[in-house]
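The values are calculated or read from the model by the stated rules, or taken from the named source; none is laboratory data. Everything quoted here is computed from the prediction, not taken from an experiment. Note that we place each Cβ from the backbone using ideal geometry, even for glycine, and neighbour counts take in every protein chain shown. Ligands, DNA and RNA are excluded from the accessible area calculation, which covers all protein heavy atoms including side chains. Shrake-Rupley method; radii C 1.70, N 1.55, O 1.52, S 1.80 Å.
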Amino acid sequence: MDGMDDETTVFTTLKSFKSFISKPETSQKPPDSSLAHHHLQRQYLQRIEMEEAAEKICSKTHLLQMAQEKQQMELSHKRARIELEKAAHISARDLEREVDRNQELLNRIKKLEEREAETTRTLNEQMEMNKTLKKSLEGENKKLEEKESVISEANKTNGALRDEIRELNHKLKKLDMQLTTQSTDNQGLQEQLELQRKKYQELTMKFQELQATQSLNSDNELKIKELERRLALQEQDSVIVRNMKSELARLPDMERELKRLREENSYLRETQENSNLLREETEGLRRKLERLEKLKEDMVSLELEKEKQATVLQAWENLSEMTGLNIRKPEDLSREIIQIQQREIALKQQNHSVTSSARALEKARAQLQGEVTDLRTKALEEQKKREQQDALVRRLQKRVLLLTKERDGMKAILESYDSELATNEYSPQLTRRVKEAEDMLQKVQAHNLEIEAQLSKAQEEIGTYKLQTQKAEMELDVLKKQAPGAENSSFVMNEEVSSLRQKIEELEAERRRLEDQNNILEMRLEKHNLQGAYDPTKTKVIHLRMNPTNIAKQQRLDEVEHLREECQQLRERIRALQAGGAVTSNEGTLSLPPSQEVLDLRRQLESAELKNQRLKEVFQKKIQEFRTVCYVLTGYQIDITTENQYRLTSVYAEHMEDSLLFKASGPAGGSMQLLETDFSRTLRELVELHLFHQNSIPAFLSAVTLDLFSRQTIV
Amino acid sequence: MSSTLKGITLKGSAELVAEFFSFGINSILYQRGIYPPETFTRVTQYDMSLYLTVDPNLKTYLNDVVTQLKGWLFDCTVQKLVLVITCLETNEVLERWQFDIECDKTITGSSGTREKSIKAIQEEIRSVIRQITATVTFLPLLETACSFDLLIYTDKDQVVPEKWEESGPKMIADSEEVRLRTFTTTIHKVSSMVAYKRTDCI
């Protein structure tokens, strides 16, 4: 095609060339017209044109040559171009490859660089690790040395243990031997057991057969019994039928009799009703009679009572007439009686007061009589005394007279002596004697005066006594007069008595008050004593210095101190805990060790966790087991993809992704719905049949299994 | 007991009374729960089973007090023995068991004897201890931790021995008092009583 194009171009160039050649004569005309105007220019131009034409021809030839060359060149060029294009294509492809490779390489380089960086990092880490490991290695070496020593010890013990193990191995071998013998025995026994089992199975088979036959037997027996019963029933029926027949023969007579009896019956019923009515009537009458009799009796009694009442009333009326009081009713009487009783009570009270006053008066009288007698005796005594005093007075008067006479005599004698002994030398003696006598006289006179005074005193006393006796007699008389009368004096006496009584009462009250006070004071004293009061002047209280109370108090204080410290520590710990976790562990170990309770709880927690872990393991194991069992038994692996969605993959599925999707709806997966999958779309028939018509998922699943299984076996 | 069945000496009386105090104090401590019941052991005394402490500290303390008391009983210088129960939390006196001791000072040394059989005295002591046991029924419950102290009222001129010191009477502010039985050896007469803090709830 390209070649063709080239040729056409060549032709076109040729044509254009020919046309070009033919053209110049026509085209030269306009320049000629210009030449007329410009000769030189024209000549020059002609020449030039000539030259140019020659040149043009030359150039045209040349051009032709060139064109041919060009064509060739173009051809070659085209070929070359085509080749070059091909090469370019190839090279472009190569370039792309190279670029790709370059990019890959760049990526690789980048990756490598990254890796390198990582490796350097890891190297550094490793170096650090190495350092730490070296350190730890050193530590480990030390430990190892220690351990080696331990191991050497352990080796020793190992040796001992090996000996033991050897012995034990011996024993074990023996035991193995025994075990083998036992196992052989066991095998024999197992064989026997097998035999026995077989026998047992046979026996059970037989037994089952027997049971079956027995059940058959029992059924048969039951049937026989039924039949027998039926037979008996039949016989009974036949007897009944016979009887019935005979009875049927008797039926007309019976009917006749029945009619007669019915009539009779109706008649009797009527009579019975009549008799029932009569009986009820009689019953009613009897009851009436009884009531009437009762009423009669009541009436009689009431009449009797009425008569009694009438008599009583009569008596009352009579009484009212007799007494003339205004008594018409018993109330009046009772009022009267109450009045009378009140009056009587008042009178009695009066009587009592009177009698008591009389008694008091009598007592007073008796006292007074006693006083009177006393006074009389006293009076008598006084009289006697007076008589004695009178006698004494008389005697003394006589003596006074005598003495005065004697004194007069003596005086006369003395005077005579004086007159005689005026000049006498005895005069001093005499005067002394006289003086003595005079003294004596004076004494006597004083005595006399005393006696006289005594006498007058005694007389006065007598007088007073007499007066007293008179008074007493007067009083006695008065009392004697009063005694029968009593009434008059009783008031006075009463007043006295009452005043005395009052006094007595007052005194009694005071006494009681004082007694109470005394008691209260004693109680207080007792209470004080009970409360532990003491007289500090006489007593002191002592106790042991180290008594239990002091010790307990001391202990308590110590405990409080200890608790406070602990509290403080705990507070600090809490503060530390709040501040940050890292510090706490140190402080925690520094401070109090965890209490027993905490340890226990931790242990419990650990055990609980362990338990949980074990349970999890067991559950996982069980779940796995369950799943595999389900898989093996049903031929479906069931997975829960999302909530309430279950994916079933058959054992016989052709592809891995062939699965059925079910969605559970309703409570606890009550009903399932098949969701559409790629696989289920291929089972339209089965879905139609089993799910829409039979409404059974298991049947559907089984059908799918069978289908898949058959496909697999065919393959 | 150094006395014969018929008579009793001052020494014998002092020993009898001291022995009574030993058992009485133990009984009170047990009955009032001042010390836990497991620290007590049962013994038979006065024809009845009584509780004695096995706490070593308490034992030595009671021994010290009773020995000293015996001496004073012999000297007839002791007037009262008081067991004070104090609440440890509030330092409040809750109970006060007081034993008034009346000594017959006419008897001195081991000379005179009195006519009273030990059996009769022990009978009286038994009834006193029974009453102490019975008081638990009406005494208010000791709800807080409590401790006890023994006070001895002696004559003023008595020299205070070593380890002893003077103390206050430790009276109860608002108390109820109950007089218990009395027993006498004819030389020492011991009348017992208990005072306890009146509680508002009653």
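Could you tell me the total accessible area buried at the A-B interface, probe 1.4 Å, in square angstrom to the nearest hundred? So the total buried area for this chain pair works out to about 3100 Å². When each of the peptides A:134-146, B:94-106 is scored by how many other beta carbons lie within 10 Å of its residues on average, the order from highest to lowest is B:94-106, A:134-146. Cα centroids of region B:18-85 and region A:45-76: 161 Å apart.
Net charge near A:G635: determine it from the other residues with C-beta under 15 Å of the C-beta of A:G635, scoring Lys and Arg +1 and Asp and Glu -1. Present the calculation step by step, with values, prior to reporting the outcome.
Working: positive: A:R627, A:R647, A:R711; negative: A:D639, A:E654, A:D658, A:D707.
Residues close to A:G635 contribute a combined charge of -1.
Per-atom-type breakdown for chain A gives carbon and sulfur 56% of the accessible area (1.4 Å probe, protein chains only).
Counting Cβ atoms of other protein chains within 10 Å of each residue's Cβ and taking the mean over peptide B:83-94 gives 2.
Net length available on complete extension from A:A699 to A:Q673 is 7.9 nm, with 0.36 nm assigned per residue and the Cα-Cα distance removed.
With Cβ to Cβ distances under 13 Å as the rule, what net charge do the other residues near A:L563 carry (K, R +1; D, E -1)?
Once all neighbours under 13 Å are counted, the net charge is -2.
For A:K78, the lysines whose Cα comes closer than 18 Å to its Cα, not counting residues fewer than 8 places off in the same chain, are A:K70, A:K86. Carbon and sulfur together cover what percent of the accessible area of region B:10-197 at a 1.4 Å probe radius? Percent of accessible area from carbon and sulfur atoms in region B:10-197: 49.
Farthest toward the positive end of the dipole of the protein assembly as shown, out of B:I101, B:V136, B:G168, is the Cα of B:I101, where the dipole comes from beta carbon charges about the Cα centre. Neighbouring Cβ atoms from other chains, within 10 Å of the Cβ of residues in B:137-147, number 1 on average.
Hydropathy first: keep DSSP H helices in chain A averaging at least -1.0 on Kyte-Doolittle, then drop any whose Cα extent along the axis falls short of 27 Å, and list what survives.
Flagged H segments are A:2-22, A:330-420, A:427-485, A:596-634.
Cross-link partners for A:K398 among the lysines, with Cα-Cα distance under 30 Å and sequence neighbours closer than 8 places in the same chain left out: A:K378, A:K384, A:K385, A:K411, A:K435, A:K443, A:K457, A:K466.
Remark: mean inter-chain Cβ contacts per residue of B:160-170 equal 4, using a 10 Å Cβ-Cβ cutoff to other protein chain atoms.
Any chance you could run the full-extension gain for A:M656 through A:L525? It's 0.36 nm times the residue separation minus the Cα-Cα distance, nm to one decimal.
Details: separation 131, 0.36 × 131 = 47.16 nm, distance 11.15 nm.
Working it through step by step, the gained length comes to 36.0 nm.
Each residue, A:N276 and A:T642, gets one label point 7 Å from its Cα in the Cβ direction; the gap between the two is 8.9 nm.
State which entries of B:K11/B:K163; B:K70/B:K119; B:K11/B:K197 exceed 28 angstrom in Cα-Cα distance in the structure shown. Show your work: numbers first, answer last.
Details: B:K11/B:K163 25 Å; B:K70/B:K119 21 Å; B:K11/B:K197 37 Å.
Check vs 28 Å cut-off fails for B:K11/B:K197.
Put the Cα centre of region A:426-446 next to the Cα centre of region B:129-145 and the gap is 103 Å.
In debye, nearest 20: dipole of chain B around its Cα centre with unit charges on the Cβ of K, R (+) and D, E (-)?
Working: 22 positive and 27 negative charges, 159 e Å.
For chain B, the charge dipole is close to 760 debye.
Compute, for region A:635-713, the length of the dipole vector about the Cα centre, with Cβ point charges of +1 (Lys, Arg) and -1 (Asp, Glu) only. Units Debye, rounded to 20. Display every interim value, and only then the final one.
Details: 5 positive and 10 negative charges, 34 e Å.
My answer is approximately 160 debye.
Computed log10 I(q)/I(0) for region A:254-364 at 0.17, 0.22, 0.23 Å⁻¹: -0.97, -1.12, -1.15, from the Debye equation with unit scatterers placed on every C-alpha and solvent omitted.
With r as the distance between the Cβ atoms of A:S710 and A:E202 and R0 = 41 Å, compute the FRET efficiency 1/(1 + (r/R0)^6) and round to 0.05. Don't skip to the answer; put the middle values down first.
Working: r = 41 Å, r/R0 = 1.00.
Computed FRET efficiency for A:E202 and A:S710: 0.50.
Using the structure shown, select from A:K15/A:K60; A:K363/A:K471; B:K116/B:K156 the pairs with a Cα to Cα distance greater than 25 angstrom. The pairs that break the limit, which is 25 Å between Cα atoms, are B:K116/B:K156.
The peptide list A:300-312, A:360-372, B:11-23, put in order of mean Cβ contacts within 10 Å with the highest first, becomes B:11-23, A:360-372, A:300-312. Place a point 7 Å from Cα of A:K173 in the direction of its Cβ. Which residues in region A:141-164 have their backbone N less than 15 Å from it? Under 15 Å, as judged by backbone N against the label point of A:K173, lie A:163-164 of region A:141-164.
Computed from point charges on the beta carbon alone (+1 for Lys and Arg, -1 for Asp and Glu), the dipole magnitude for region B:68-186 about its Cα centre is near 640 Debye.
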